[in-house]
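The values are calculated or read from the model by the stated rules, or taken from the named source; none is laboratory data. Remember, it's a predicted structure, so these values are computed and weren't measured experimentally. All Cβ positions, glycine included, derive from the backbone under ideal geometry; neighbour counts span all protein chains shown.
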Amino acid sequence: MARFKRLQVLQTITGTGIVPLYYHNDATIVKNVVKACYAGGARVFEFTNRGDFAHEVFAEVNKWCAQECPEMIMGVGSVVDAGTTALYIQLGANFIVSPSLNPDMAKVCNRRKIAWMPGCGTLSEINLAEELGCEIVKIFPGKEVGGPTFVKSILAPCPWSSIMPSGGVSPDRENLEAWFKAGVACVGLGSQLTPAEVIASGDYGFIEQKVREAMAIVKEIRTKYKRGNGEENRYRIKYLWNIIGKCKNSFLNIPFFQSDSRFPAFTVSLFLRFSVSLFLSTELFSSLLSRTSLSIPR
């Protein structure tokens, strides 16, 4: 049974912005990688279902993780069918990630309220996944389906979509900035985060440091693009303020506000400007600014 609720899983994934993913047939090595990611600040980890008896490795690591890394949300990736989905849910997987879109998996995950992130390569697949109940949709392989430009093109007509690229993502600033500037909700980090030579040498401190650096970069990038491109946003904000002015004038044309007292007019003006200022400071407005393709009159 999952230790974390689906909403908490989704909020943590989008909140941290990074999902490390890894597989090894040695449970001890997986534990060391998980521990390094945990120490680096990661709170979500995707164990990839590759190799014989992978579910046995996950079962051991997941039980260990509940004691040693209690805040780590463990999920499983590379799952392609409903049967394997049910198996990993029974072993305590908190979320399921798939390289493809299989509607049969949606029914199993939704029945147990487990987050499911299927791999999609087209807008039609993304829309179908969302119809099946997916909150976060994985694009795979991220680089090959079009990279950050693909994400930006998808979010133009569908700004409500939350996308997680996997494949073609690296923990360096240039790569992460390209993805998050395009509007992704989070990214999956695999072999670039856990190079084979690092695992062979047992240098888990390298992984910890890379995770810490990547999370810091993501936080910085999100702050930088919180309101989108500055020049365009200034036009948008100015446009909104003009609308407020018109709304205020419309309110003041109501007979109630045409009394001799200036208090009602002042109240309306203050209320409208306060409401808009509050709206401009919210994440909702930030998201709209960064994602909308609406043309604003100059």
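Within 22 Å of Ile29 (Cα to Cα) and either touching a strand residue (DSSP E or B) at 6+ places or on another chain (Cβ under 7 Å) or of a type in the set (Ser, Thr, Tyr) (or both), is that true of Pro171?
So Pro171 passes the test.
Report, ordered by the first and then the second residue, all pairs with beta carbons closer than 7 Å, sequence separation of six or more or different chains, a first member in the range 1-21 that is in contact (Cβ under 8 Å) with a residue 40 or more places away in the chain, and a second member that is assigned to a strand (DSSP E or B) and hydroxyl-bearing (Ser, Thr, Tyr).
Matching pairs, first to second residue: Thr14/Ser162; Leu21/Thr48.
Can Asp52 be described as over 18 Å from the mean Cα position of the chain (by Cα) and closer than 23 Å to Glu131 by Cα?
On the way: over 18 Å from the mean Cα position of the chain (by Cα): yes; closer than 23 Å to Glu131 by Cα: no.
Criteria not met by Asp52.
Considering only residues of the range 26-49 that are within 20 Å of Met117 (Cβ to Cβ) and in a helix (DSSP H, G or I), which is farthest from the chain's Cα centre (by Cα)?
Val34
Does the range 68-84 contain any residue that is within 18 Å of Met1 (Cβ to Cβ), of a type in the set (Asp, Glu), surrounded by fewer than 19 Cβ atoms within 10 Å (Cβ to Cβ) and modelled with pLDDT of 95 or more?
yes
Considering Val97, Val33, which residue is β-branched (Val, Ile, Thr), touching a Gly at 6+ places or on another chain (Cβ under 7 Å) and touching a residue at least 60 places away in the same chain (Cβ under 8 Å)?
Being β-branched (Val, Ile, Thr), touching a Gly at 6+ places or on another chain (Cβ under 7 Å) and touching a residue at least 60 places away in the same chain (Cβ under 8 Å) holds for just one of Val97, Val33, which is Val97.
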